[in-house]
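The values are calculated or read from the model by the stated rules, or taken from the named source; none is laboratory data. Just so it is clear, the model here is predicted, and its values are computed rather than measured. Positions of Cβ are backbone-derived with ideal geometry, glycine not excepted, and every protein chain shown enters the neighbour counts. Quick note on the areas: whole protein, heavy atoms, side chains included, nothing else; ligands and nucleic acids left out. Shrake-Rupley method; radii C 1.70, N 1.55, O 1.52, S 1.80 Å.
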Amino acid sequence: MAYRRTERVIRRQAERHDAIVSAAGEAASEGGMAAVQIAPVAARAGIASGTVYRYFPSKTELIGALVATSAEREIAAVQRAASAAPGPLSALAAAVATFAARGLRDRKLAWAVIAEPADADTDAVRLAYRTALAGEFEALVATAVAGGHLEADAAQAVPALLGALIEGLVGPLAPDVADDPARAREAVQALTLFVLRGLGVVDARARGLVAQATSGAEVAVQP
């Protein structure tokens, strides 16, 4: 009986932890990282501020959990897309298109957890996400190079690749197309094509890869 009670307690704690992180994500979706504050997040989660502090003693730790959760979710989606593709270039195209499309679904949250100007503590917790994401794309580029499909330097190309995706889709200069599914799909296709061309894929081949990559469920841009 005591064991079952302990299981229930652990489950409730995990559910409350997840609810707090989810509320923080909702806040970031509306107002960026500046909106992730303990009291408003607690109100969204339907709990007291003191309860939030029991799980996250500081705002930095709450932001760290939000970034880590977002990173795990987005990297898993990239991995799924790449692993389902039939070849190295298809895997790279699928990963790029998937990351781009998912970012467009919630531009403000995507920008907040990866690149929005913030304080040093927030930048530090986000660096792990950017590093892990770069590692995924670098491995895909390196596999394509090893197979003779590309001649790019993966270590140099990937930061440029990520910069194009982040600034071109969710950065402050990117057009806001998230509410228009047709334009959002065009944006994903255009950025994926831009990345493939930049890596040296010839145009006809790149266009075919983009068409293939943007036909999957993971790159649906509708909310």
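Structure data summary
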{"read-out": "Residue with peak Gaussian network fluctuation, the chain [Cα springs, cutoff 10 Å], from Ala154, Ala93, Ala182", "value": "Ala182"}
{"read-out": "Label-to-label distance, nm, for residues given as Arg205 and Thr60 (7 Å Cα→Cβ offset)", "value": "4.7 nm"}
{"read-out": "Stretchable slack from Ala14 to Gln37, in nm (0.36 nm times residue separation minus alpha-carbon distance)", "value": "6.2 nm"}
{"read-out": "0 to 90° range, to nearest 10: angle between helix 2-31 axis and the chain longest Cα axis", "value": "60 degrees"}
{"read-out": "20 °C / 1.002 mPa s Stokes-Einstein diffusion coefficient of the stretch 1-73, Kirkwood radius on C-alpha pairs, µm²/s", "value": "170 µm²/s"}
{"read-out": "Alpha-carbon radius of gyration plus Dmax, which is the widest Cα pair, for the chain in Å", "value": "19.3, 65"}
{"read-out": "Residues in the stretch 61-85 reached by a label modelled at Leu127 [backbone nitrogen below 17 Å; 7 Å Cα→Cβ]", "value": "61, 64-65, 67-68"}
{"read-out": "Accessible-area composition of the stretch 23-92, carbon plus sulfur, in percent [1.4 Å probe]", "value": "56 percent"}
{"read-out": "Sum of -39500 (n - 2.57) over DSSP H runs of 4+, divided by residues of the chain (222 nm, nearest 500)", "value": "-24500 deg cm²/dmol"}
{"read-out": "Inverse mean reciprocal Cα-Cα distance (Kirkwood Rh) of the stretch 21-153, Å", "value": "16.0 Å"}
{"read-out": "log₁₀ of I(q)/I(0) at q = 0.16, 0.26 Å⁻¹ - the stretch 81-156, Debye sum with one point per alpha carbon", "value": "-0.68, -1.15"}
{"read-out": "Cα shape, the stretch 90-132, gyration tensor, a/c 1.5 rule", "value": "oblate"}
{"read-out": "Between the stretch 20-67 and the stretch 97-175, the alpha-carbon center distance in angstrom", "value": "25 Å"}
{"read-out": "Accessible surface, per residue, of the chain when the full set of protein chains is kept, probe 1.4 Å, Å²", "value": "50 Å²"}
{"read-out": "Within a Gaussian network of the chain (alpha carbon springs, distance under 10 Å), most fluctuating of Leu109, Leu173, Leu165", "value": "Leu173"}
